[in-house]
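Down below is the structure, laid out as structure tokens.
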Amino acid sequence: MMATRSTVCSSFLKALLILLMCAALVDCGRAPERAYTSQLLALGTLVDITLWDVEPDAATDAVNAVEVALNEAHRRWHAWEPSDLTRLNEGLAAGRSVLIDADLRTVLEQATSLARASGQLFNPAVGRLIELWGFHSDDAPEGPPPAQSEIDRLLQQAPTMENLTFQGNRAVADNPRLQLDLGGFAKGLAVNRAIKVLRRHGIQHAIVNAGGDLRAIGQRGDRPWRIGIRHPVEPGIIASVETQGDDSVFTSGNYERYFDYQGRRYHHIIDPRTGYPANGTLSVTVIHDDAAVADAAATALFVAGPENWRDTAQRMGISKVMLIDEAMNVQMTDEMKGRITFEVDPPPEIVTVQAP
Ligand code: AMP
Ligand code: MG
């Protein structure tokens, strides 16, 4: 009797075990989780690094090397903490020519050509304006906004990157009011460098995500990477994008750094023509294969605004754009439409614009 019951019991257990193994195998028909994630504090934001299919030791080495590269970016390009850039700004303001290394020169030349392509809407030479608005600080300013007379004074000086020239390994400005602030594309530059470091470590599938702005390479097993785009006025995401091969997705938003004063929001993206935070837009998302270009373009198109962003996109060679205006109208290019899935119900009305 006992023997029979135990036989029944063990056959039952065997059957259960086989069932569980089958279930596990069916589940394992999909790729097992092989993601390695790590978070760093760099560039004043949390940077998430996700690697796929990398041994833990190799992943740790690669992430450590990325951390070195990001700290280097901070040391070189910070707009108000002592950096190569602030030293350069001090010298230029004093009318001196300043010794710079080849790397900084390359970055400044890239800034100059992006500024030119944007019609000076992306203008990294207006550091004084950004400082005047109180955004050269880790904490958001509280207001009030600066006096009109002070804004006017800085507008009259109108520095652009065209005021900066190079003589051998020295930089010199013919407008002493030029103050460099690379905040509009430094994150993109840094993310590019991080990806370069990962590739040097043999990594082919990764995302480097600096506070929602990111570059993704390769894919997540047999699926593309899927990333979220933040909703400009509500918590959570408004849409998702599946990346293809090597894509950078950068968003400029009026919610990132701002202060509210007497019922109005004053944010950190300054229109160099008016000296005021750019009007009319909540957020602009750009996809491009170069993170620095995507970053600069998102800033420039935000400044260009809902009526004029197409021209600027065309001049900058940007074909994937989504702009959300202050009334929550969504405009996007054809090419962007093919890449985006809205994650809100109902999805917003979309105005599609032919590829610029
Ligand atoms: P982003 O979030 O990439 O649009 O960059 C915004 C940051 O870029 C600001 O915090 C400033 O440091 C800087 N910035 C603001 N306005 C401009 C502008 N018109 N052109 C270039 N950089 C800007
Ligand atoms: Mg930007």
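Scanning the range 257-268 for residues that are touching a residue at least 40 places away in the same chain (Cβ under 8 Å) and either among the aliphatic types (A, V, I, L, M) or within 16 Å of ligand 2 (Cβ to nearest atom) (or both) yields R257, Y258, H268.
Answer yes if at least one residue in the range 201-219 is farther than 24 Å from A69 by Cα and more than 16 Å from ligand 2 (Cβ to nearest atom), and no otherwise.
Checking the range 201-219: not a single residue is farther than 24 Å from A69 by Cα and more than 16 Å from ligand 2 (Cβ to nearest atom).
Residues of the range 137-155 include at least one that is within 16 Å of ligand 1 (Cβ to nearest atom) and free of Cβ contacts under 8 Å to residues at least 40 places away in the same chain. For the condition over 20 Å from the mean Cα position of the chain (by Cα) and under 12 Å from Q179 (Cα atoms), L164 qualifies. The residues listed here are D61, D57, D53; of these, the one that is free of Cβ contacts under 8 Å to residues at least 12 places away in the same chain, more than 18 Å from Q179 (Cα to Cα) and among the acidic types (D, E) is D57. If the condition is being polar (S, T, N, Q) and not in a loop (DSSP other than H, G, I, E, B), then the range 69-97 contributes N71, T86, N89. Of all the listed residues (R226, R215), the sole one being charged (D, E, K, R), in contact with a Ser or Thr (Cβ under 6 Å, 6 or more places away or on another chain) and crowded, with 23+ Cβ neighbours inside 10 Å is R215. Inspect the range 164-171 for any residue being in contact with a helix residue (DSSP H, G or I) (Cβ under 6 Å, 6 or more places away or on another chain), β-branched (V, I, T) and more than 14 Å from ligand 1 (Cβ to nearest atom) and give the result as yes or no. No, that holds for no residue.
Every test in (1) within 17 Å of R257 (Cα to Cα); (2) out of contact with any helix residue (DSSP H, G or I) (no Cβ under 8 Å at 6 or more places or on another chain); (3) not in a loop (DSSP other than H, G, I, E, B) is passed by L129 save one, and that test is (2). Does any residue of the range 323-345 turn out to be touching a His at 6+ places or on another chain (Cβ under 6 Å) and within 16 Å of ligand 1 (Cβ to nearest atom)? Within the range 323-345, none of the residues are touching a His at 6+ places or on another chain (Cβ under 6 Å) and within 16 Å of ligand 1 (Cβ to nearest atom). Filtering the range 133-175 to residues that are of a type outside the set (S, T, Y), more than 15 Å from L88 (Cβ to Cβ) and not in a loop (DSSP other than H, G, I, E, B) leaves Q148, E150, I151, D152, R153, L154, L155, Q156, Q157, E162. Scanning the range 176-194 for residues that are within 16 Å of ligand 1 (Cβ to nearest atom) and part of a loop (DSSP other than H, G, I, E, B) gives R177, L178, L180, D181, L182, G183, G184, F185.
Number of residues in the range 272-300 that are under 20 Å from A158 (Cα atoms) and surrounded by 19 or more Cβ atoms within 10 Å (Cβ to Cβ): the value is 7. Here A117, A62 are screened, and the one residue that is within 16 Å of ligand 2 (Cβ to nearest atom) and buried (at least 19 other Cβ atoms within 10 Å of the Cβ) is A117. Of a type in the set (F, W, Y) and either touching a strand residue (DSSP E or B) at 6+ places or on another chain (Cβ under 8 Å) or within 23 Å of P82 (Cβ to Cβ) (or both): is that true of F185 in this structure? Yes.
Taken over the range 273-299, the criterion of being over 19 Å from D311 (Cα atoms) and within 9 Å of ligand 1 (Cβ to nearest atom) is satisfied by P277 alone. Here N192 passes the criteria (1) surrounded by fewer than 18 Cβ atoms within 10 Å (Cβ to Cβ); (2) within 16 Å of ligand 2 (Cβ to nearest atom) except the one numbered (1).
When each of V233, V241, V197 is tested for being away from ligand 1 (no atom under 16 Å from the Cβ), at pLDDT 95 or above and part of a loop (DSSP other than H, G, I, E, B), the lone residue that passes is V233.
The values are calculated or read from the model by the stated rules, or taken from the named source; none is laboratory data. Here the structure is a predicted model, which means the values were calculated and not measured. Note that each Cβ is placed from the backbone with ideal geometry, even for glycine, and that neighbours are counted across all protein chains shown.
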